[in-house]
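A short write-up of the structure that comes next.
The values are calculated or read from the model by the stated rules, or taken from the named source; none is laboratory data. What you are looking at is a predicted structure, and each value in this text was computed from that prediction instead of being measured. Neighbour counts run over all protein chains shown; Cβ positions are idealised from the backbone, glycine included.
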Amino acid sequence: MIDHWQKYLAMDANKLFDEIHNLRSKLMMLRPESPMFNQLADIIDTADEVYQDKISVARIKANETPDVIDIGEIESDVVEYESKEELTLAVIESYTTYLKDNK
């Protein structure tokens, strides 16, 4: 039995695309009740998976965007509370102030 995955991995993307096209044209000639129809459909699915993998790898290799995007500087104030009660009161106050301002 031929290992289709290995066969398709050895092909380049253009040749694999042509192979998928040929397999699909053969599939259209078969009757859906035929046992060969399901086998050929599975082979096409395997070829599609390998093709998508190859295309994804090519996109990743061609990607030239930086991994980190500089968004500038951010100013922030850090407020530390002594107890959970102070924190709870501050959160409640901020919500009630926000709700009063946005009515």
* **Among (1) loosely packed, with under 10 Cβ neighbours inside 10 Å; (2) touching a residue at least 12 places away in the same chain (Cβ under 8 Å); (3) aliphatic (A, V, I, L, M) - the single one residue 50 does not satisfy** => (1)
* **Flag for residue 12 being modelled with pLDDT of 85 or more, surrounded by 10 or more Cβ atoms within 10 Å (Cβ to Cβ) and acidic (Asp, Glu)** => no
* To do: Kindly list the number of the only condition in (1) within 19 Å of the chain's Cα centre (by Cα); (2) within 30 Å of residue 6 (Cα to Cα) that fails for residue 65.
  => (2)
* Name the pairs: first residue in the range 7-22 and among the acidic types (Asp, Glu), second residue part of a loop (DSSP other than H, G, I, E, B), Cβ to Cβ under 8 Å, at least 6 apart or on different chains? -> 19/11
* Asked: Which ones in the range 10-26 are basic (Lys, Arg) and over 25 Å from the mean Cα position of the chain (by Cα)?
  -> 24, 26
* Asked: Does residue 41 satisfy being in contact (Cβ under 8 Å) with a residue 24 or more places away in the chain and surrounded by 10 or more Cβ atoms within 10 Å (Cβ to Cβ)?
  -> no
